[in-house]
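The values are calculated or read from the model by the stated rules, or taken from the named source; none is laboratory data. What you are looking at is a predicted structure, and each value in this text was computed from that prediction instead of being measured. Quick reminder, even Gly has a Cβ in these numbers, built from the backbone with ideal geometry, and neighbours come from all protein chains shown. SASA here: full protein model, heavy atoms, side chains in, ligands and nucleic acids out. Shrake-Rupley method; radii C 1.70, N 1.55, O 1.52, S 1.80 Å.
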Amino acid sequence: MIIKTKQTIIIFLTFAAMITKEDLFKKVVAHAREYGYVFPSSEIYDGLSAVYDYGQYGVELKNNIRDYWWNSMVKFHENIVGIDSAIFMHSTVWKASGHVDAFNDPLIDNKDSKKRYRADMLIEDHIAKIELKIEKEVQKAEKRFGADFNREMFLKTNQRVVDYRNQIESVTHRMNSSLGKEDLADVKSLIEELEIVCPVSGSRNWTEVRQFNLMFSTKTGSVANNDDSGVIYLRPETAQGIFVNFLNVLKTSRMKVPFGIAQVGKAFRNEIVARQFIFRMREFEQMEMQYFVRPGTEMEWYSYWKEERMKWHQSLGIDASKFRFHEHEKLAHYANAAADIEFEFPFGFRELEGIHSRTDFDLAAHQKFSGKKMQYFDPELNESYIPYVVETSIGLDRMFLAVLSNAYQEETLEDGSERTVLKILPRLAPVKVAVLPLVKKDGLPEKAREIMDMLKHKHMCQYDEKDAIGRRYRRQDAIGTPYCITVDHETLTDNTVTIRERDSMKQDRVNIENIPVVLMERI
Ligand code: GAP
C-alpha cells in the first residue's frame, strides 16, 4: 500500500525534556485549557469549584474512552447488557442502599480561616510530608554512594528512614481504626497530637470532627411544603439504577446468572475538598457494571474481574508500571472484598477504578424496603436466591485525566526546535486525521477537500490550510492528531499524498485510493 517512505526534511530525533511531576501536572492542566480539552465551568463568572466543562477536543476524547469501555463490556460480552437509568430516583432507594445514613466523609473546620477540610485528608497530607522526608534521605544517600547505592537495603536499614516508616504505619493504623469505629473524637485527637495546622491560617484552632453527607438533594416541583417530604437526591453512584432495574432486565432479556448490567452516566457528590483538577469533582461520570453471580462464587468472579479490568487498562498503550492494585483494608458497608486499580497520576498513585464484591447487600436491601422479591430462579440448582454482585466502577473523568497526563510530552527535536505533543493512542485521539493542502492555491485545497469528503464518514477529520505547514503540524501534535495527510504539487501529477505519523514524524507517500486501508490498519 505504501509507495515509498519519504526521507523528509525533518530527521527525527527527540529528547524528552526533563519535567518534574509537579510541573507536569500544571502543564497538563494549562494545555487542556489552551487546546480546548477542559474548561472551568462558568468561567466568565470566575468558575465553579470542582465543576468542569469539556471543550471541542475533550468531548471527543471522552466519547472515545466511553465507547471503548462500552464496547469492551456490552458489545464483546454476550452476557452483559447496558441500560440508561434516570439520575433522579425514588428517595427510598438511597435509604435502602445505606447512602442516607452512611455516605459520609469526616469534616473539620478551622475556626480562624473558616476553611473546611476532610479530616482524613489532613492526616494523609501529614503522612505525605513524612514520605517526602524519606525521599529526601534517599536522594542524599544516592548522591553519597553513587553507583553502589542499594535503595531497598537503605530503606530497610537507615535508622532515620526506619523511624519515619514506623511513624507512617502507626498514624495510618490509628486513623483507619478510629474511622472504622466512627470514633471522630479520636480522629480530632490525632490531628492535635500530630500538630497539624490549617494551611491557610497556620493555626490549630479546630472544630470537632463530624460526619458530612455527600449527597446533593433537591425537591420535586409538585411539593410546596418546607418539610422533608418530596426530597430527592442527585445519584451519588450509577449502580443503584442498575439494582432497581434488576427484575426488569431479568424478565425482558432472558439472561442467566452469571450476567452483567452496565451503565454510564453522571453522578454527583458534594465533595468537601475539591482539588486536583478533574480528579475529584462534584459532578462527574461513572462507567459501572454489576455482575450478578451465584452466592458462593463471588470470590472467583471478583478475581476474574480484577484481572480483566487490569488487562483493559493495559490495552490502552500505557506502560504497565503505571498501574497497580490496592486491596482495601477498610471495607464499605456493602462489600466483603474490594480493590482499587491505581494509576500513577502526576501527583502520585491514586484510585482510578474500584472492583467490589458487594455481596447480596443491595438486592436484599431493595427487597426489604420495596417488598418485591429480588430473586433469581436458578434452573440448574432448581432453587431461587438473591444473586451476589461483583461490581467494576471507573470514573470516566479520571480515565480521561490518566490518558491525557500520560500522553503529554515535550520534545526537543534535532534541529533545536521544540514541540509539545499528546501521544494519545490513535483509537482514542479526538481527531484522527488532519488534511492539509501545502499551499492555499494551485488546486491543492480542492484536492484536499475531496480527501476530506472521502474520509469524514469514517474518521473524525480536520481540514486546515492556515499558516506554514510546520506550524500546522505543531498544532495537530498539540491536540494529539495521530495522522496528517499533506496534499502537495506532486499529488496533482501522481495522485499521491504524504501521511505523517505524529509520534515518529515519519512521512510515507501513499496513493490517495489506498488512504482508507492505510488508516484502517493504523487506527
Ligand atoms: N458504585 C461504586 C462506587 O461509586 P467509588 O469508589 O465511590 O465506588 C467509583 O467510585 C469510581 O468513581 C472511582 O474509582 C473514581 O474513578 C470515580 N469517582 C468517585 N468520586 C469521584 C469524584 N468526586 N470525581 C471524579 N471521579 C470520581
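Classify region 69-175 as rounded, prolate or oblate, taking a ≥ b ≥ c as the square roots of the eigenvalues of its Cα gyration tensor: rounded when a/c is under 1.5, otherwise prolate if a/b is larger than b/c and oblate if not. Oblate, since a/c reaches 1.5 and b/c is not below a/b.
Let me know the shape class of region 229-314, please: from the alpha-carbon gyration tensor, a ≥ b ≥ c as square roots of the eigenvalues, rounded when a/c is under 1.5, otherwise prolate if a/b is greater than b/c, or oblate.
Taking the square roots of the gyration eigenvalues as a ≥ b ≥ c, region 229-314 is oblate.
Summarising the amide proton neighbourhood of D53: residues at separation of 5 or more, or on other chains, whose placed amide H is nearer than 5 Å comprise F39, S41.
Taking trypsin sites (Lys or Arg not before Pro) across region 359-416, the ones in a DSSP loop with at most 16 further Cβ atoms lying within 10 angstrom of their Cβ are K372, K373.
For region 85-236, with every protein chain kept in place, what is the accessible area per residue (1.4 Å probe, Å²)?
59 Å²
What a 1.4 Å probe finds exposed on the chain is 50% carbon and sulfur by accessible area, rounded to a whole percent. Helix 361-370 and the longest principal axis of the Cα set of the chain meet at an angle near 60°. More than 43 angstrom separation, counting every C-alpha pair in the chain; what % is that? Roughly 30 percent, once rounded to a whole number. Couplings 3J(HN,Hα) of region 194-209, computed from phi: 7, 6, 6, 10, 5, x, 8, 8, x, 9, 10, 8, 9, 7, 5, 8 Hz, in residue order, whole Hz [Karplus 6.51 cos²θ - 1.76 cosθ + 1.60, θ = phi - 60°; x for Gly and Pro].
In terms of the Cα gyration tensor, with a ≥ b ≥ c the square roots of its eigenvalues, is region 342-388 rounded because a/c is under 1.5, prolate because a/b exceeds b/c, or oblate? Judged from the Cα gyration tensor, region 342-388 comes out oblate (a/c at least 1.5, b/c at or above a/b). Charging the Cβ of each Asp and Glu at -1 and of each Lys and Arg at +1, and nothing else, the dipole of region 68-224 about its Cα centre rounds to 380 debye.
If R0 equals 41 Å, the separation of the Cβ atoms of V197 and N63 corresponds to a calculated FRET efficiency of about 0.40. Straight-line cross-link partners of K133 among the lysines, defined as a Cα under 18 Å from its Cα and at least 8 positions apart when in the same chain: K21, K143, K156.
Here region 386-468 is treated as a sphere whose radius is the Kirkwood value from Cα pairs; by Stokes-Einstein at 4 °C and 1.567 mPa s it diffuses with a coefficient of 79 µm²/s. Taking the alpha-carbon centroid of each part, what is the distance from region 479-497 to region 315-372 in angstrom? The two parts, judged by their Cα centres, are 47 Å apart. Pairs exceeding a 25 Å alpha-carbon distance, out of K266/K432; K111/K188; K456/K506; K256/K458: K266/K432; K256/K458. Our estimate of slack between K506 and I44, defined as 0.36 nm per intervening residue step minus the Cα-Cα distance, is 162.2 nm. A straight line joining the Cα centroids of region 446-461 and region 405-444 runs 18 Å. Summed over the residues of region 312-362 and divided among them, the accessible surface reaches 41 Å² per residue at a probe radius of 1.4 Å.
Our coupling estimate for region 441-455, obtained by passing each phi through the Karplus curve with A = 6.51, B = -1.76, C = 1.60 and θ = phi - 60°, is 8, 6, x, 5, x, 4, 5, 5, 4, 4, 5, 3, 4, 5, 9 Hz, Gly and Pro reported as x.
Less than 19 Å from a label point 7 Å out along the Cα-to-Cβ axis of D125: which backbone N atoms in region 342-362 qualify, by residue? Answer for this model: 346-351. The angle separating the long axis of helix 298-314 from the principal Cα axis of greatest extent in the chain is about 30 degrees.
The trypsin sites (Lys or Arg not before Pro) found in region 60-142 that occupy coil by DSSP, while having at most 14 further C-beta atoms within 10 Å, are K111, K114, K115. The helix-based estimate of mean residue ellipticity at 222 nm for the chain, built from -39,500 (n - 2.57) per DSSP H run of four or more residues and divided by its residue count, is -11500 deg cm²/dmol to the nearest 500.
Using a 1.4 angstrom probe on the protein heavy atoms only, could you order Y35, Y54 from most to least accessible area?
Y35, Y54
With a Förster radius of 25 Å applied to the beta-carbon distance between H333 and R275, the computed FRET efficiency rounds to 0.45. In this structure, the amide hydrogen of A434, modeled 1.01 Å from its nitrogen in the peptide plane, lies closer than 5 angstrom to those of Q462, Y483, C484, I485, counting only residues at least 5 positions away or on a different chain. Ranked from largest to smallest solvent-accessible area, with a 1.4 Å probe on the protein heavy atoms, C461, C198 come out as C461, C198. Across region 73-83, rounded Karplus estimates of 3J(HN,Hα) from the backbone phi angles (6.51 cos²θ - 1.76 cosθ + 1.60, θ = phi - 60°) give 8, 8, 6, 8, 10, 5, 9, 10, 10, x, 9 Hz, Gly and Pro being marked x.
Computed from label points 7 Å out along Cα-Cβ, the spacing between H326 and D23 is 2.7 nm. For the chain, the longest principal axis of the C-alpha atoms and the axis of helix 184-193 are separated by about 70°. If R0 is taken as 51 Å, the Cβ-Cβ distance between M299 and K466 corresponds to a FRET efficiency of 0.30.
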